[in-house]
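In what follows, a single structure is set out as structure tokens and then discussed.
The values are calculated or read from the model by the stated rules, or taken from the named source; none is laboratory data. Computed from a predicted model, the values in this text were never measured in an experiment. We place every Cβ from the backbone using ideal geometry, glycine too, and count neighbours over all the protein chains shown.
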Amino acid sequence: MHHSHLSKNTTMKHIHIIGIGGTFMGSLAALAVEAGFTVTGCDHKMYPPMSTQLEKLGIHAYEGFDAEQLNEYQADIYVIGNVAKRTMPVVEEILNRKLPYTSGPQWLAENILQQCTVLAVAGTHGKTTTASMLAWILEYAGLKPGFLIGGVPQNFTLSARLPKGDKKLFVIEADEYDTAFFDKRSKFVHYHPTVAVLNNLEFDHADIFPDLAAIETQFHHLIRTVPSNGLVVVNALSGSLKSVLDKGCWTETQFFNNQNALHCQDNADGGFDIVSGSLKVGEIRWELTGKHNQSNALAALTAAQFVGVSFKQSCEALSQFKSVKRRMELKGTVNGVAVYDDFAHHPTAIATVLDGVKRTKKSGRIIAVLEPRSNTMKIGTLKDQLAPSLALADKVFCYAGGIDWNVKNALQPLGDKAGVFDDFNQMLNNIVATAQSGDDIVVMSNGGFQGIHGKLLDLLKKK
């Protein structure tokens, strides 16, 4: 191998990622490998799909957060993920030894995004799906975008890649969650997008934000970074986004879901028309359900138009769009019982998923299986919204192992159609006993949920 005359320090070639197993950090690892960096990392025990993706990239992930790994992995810089907290031995040792460290978003901004035109998709819901739609439209149009998306879009085989096209377009899912233990700004303030898509805005991440106003402030900080020759794409139906824009905006704004501008109309062919004012500019037919996905499409169309893709071509692209893995992904069917997997964990997302299933289901029951384990759900902030969000399910099974608020009380309004279990296997057996041909079992969690999908399918086979 030809070595350049530059010393190792100026090339910063080896990065060691603390918390490499999360979707964001795993994707960052993929980009770093593609850009020619040496990448190692550590995390808790890892599960598919991220573990599989890292193995494919040839990245060895060290199990655990002990300090000894620093002797084995002597990196030029340590990229510290959001999972890393003070008191973790590896973190304390990095600080004590004054080793160079940075956050994932900052590393990404400085080493990858700086050279690109960034299209960032922000919002409480639909970020992953909308970012996937936008990346797919640009790909379909031959623009060969780069992207980093919090899931694996089925139109691509990876959750992240570098741009290949001349325009160096990069689509990123822009998260309002905080950056690292040493940087409490939202991740997205690092990305400096040319195009910022604001999908919607609701209260979430109660472990970080005291109230909606605090999240609005972070969105305002994002708006402050968008250049005046860029574009801000905004959902006209969101009051919270209006208050964000009222704080100041220095960039052209385009609204979607606005009857006078871009909106959707269902048509007789089972698809829907994209209408600008009163003019039909395209039509989409796809396998996705629900109004929220139509709204996501409008956001993606508007952003794509700014970088030169016509509405007509975008609509063609979206008619071939497949949803993201872990968005109502069918895991298998046994004796007429279908098992689906979805990443939903916020009450609004849960309600949206069940609404989508209900609309397309002609007969049979919906059995919702839920693990309220996101940080916001774990501390019970949204517990009052949980029962209403599950209203459309015929049966609800909730796994409350390791949750320290009273899940039973929260699900009381659902009466005897809800069961709450602290014992995982007992819950499995109850679900299998209940399930009958024609049922859809919809599993909702933002974690591995102990491989429940495979276990259910195995037990249903034996039934």
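Annotations for the structure displayed:
- Scanning segment 233-241 turns up no residue that is out of contact with any His (no Cβ under 9 Å at 6 or more places or on another chain) and farther than 21 Å from Leu298 by Cα.
- Conditions (1) assigned by TED's automatic domain parsing to the domain that holds Ser159; (2) outside any strand (DSSP E or B): number failed by Val118: (2)
- Screening Leu201, Leu169, Leu241 for residues that are modelled with pLDDT of 95 or more and buried (at least 16 other Cβ atoms within 10 Å of the Cβ) leaves exactly one candidate, Leu169.
- Helices (runs of 4 or more DSSP H) wholly inside segment 309-413 that include at least 1 residues being polar (S, T, N, Q) and not assigned by TED's automatic domain parsing to the domain that holds Lys291: 347-360, 375-378, 383-389, 407-411
- Picking from residues in segment 59-103 that are modelled with pLDDT of 95 or more and aromatic (Phe, Trp, Tyr), the one that is farthest from Arg161 (Cα to Cα) is Phe65.
- Only one of the numbered conditions (1) surrounded by 24 or more Cβ atoms within 10 Å (Cβ to Cβ); (2) of a type in the set (Gly, Ala, Ser); (3) at pLDDT 95 or above is violated by Ala141, and that is (1).
- Of the residues making up segment 338-345, none is within 30 Å of Lys463 (Cα to Cα), at pLDDT below 85, under 24 Å from the mean Cα position of the chain (by Cα) and among the β-branched types (Val, Ile, Thr).
- Within the option set Gly277, Gly290, being crowded, with 16+ Cβ neighbours inside 10 Å and either in the same structural domain as Val353 (by TED's automatic domain parsing) or at positive phi (or both) holds for one residue only, Gly290.
- Against the conditions (1) in contact (Cβ under 8 Å) with a residue 40 or more places away in the chain; (2) surrounded by fewer than 24 Cβ atoms within 10 Å (Cβ to Cβ); (3) touching a Gly at 6+ places or on another chain (Cβ under 9 Å); (4) not in a strand (DSSP E or B), Ala131 satisfies every one except (2).
- Whenever a residue of segment 64-75 is in the same structural domain as Leu95 (by TED's automatic domain parsing), its partners that are modelled with pLDDT of 95 or more and of a type in the set (Asp, Glu), lying with C-beta atoms within less than 6 angstrom and at least six residues away or across chains, give the pairs Ala67/Glu93; Leu70/Glu93.
- Filtered residues of segment 22-58 (kept if at pLDDT 85 or above, part of a loop (DSSP other than H, G, I, E, B) and at negative phi): Ala35, Phe37, His44, Leu57
Per-residue answers, yes or no, for (1) in contact with a strand residue (DSSP E or B) (Cβ under 7 Å, 6 or more places away or on another chain); (2) within 28 Å of Val232 (Cα to Cα):
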{"residue": "Lys291", "(1), (2)": "no, yes"}
{"residue": "Leu298", "(1), (2)": "yes, yes"}
{"residue": "Lys312", "(1), (2)": "yes, yes"}
{"residue": "Glu329", "(1), (2)": "yes, no"}
{"residue": "Tyr340", "(1), (2)": "yes, no"}
{"residue": "Ser363", "(1), (2)": "no, no"}
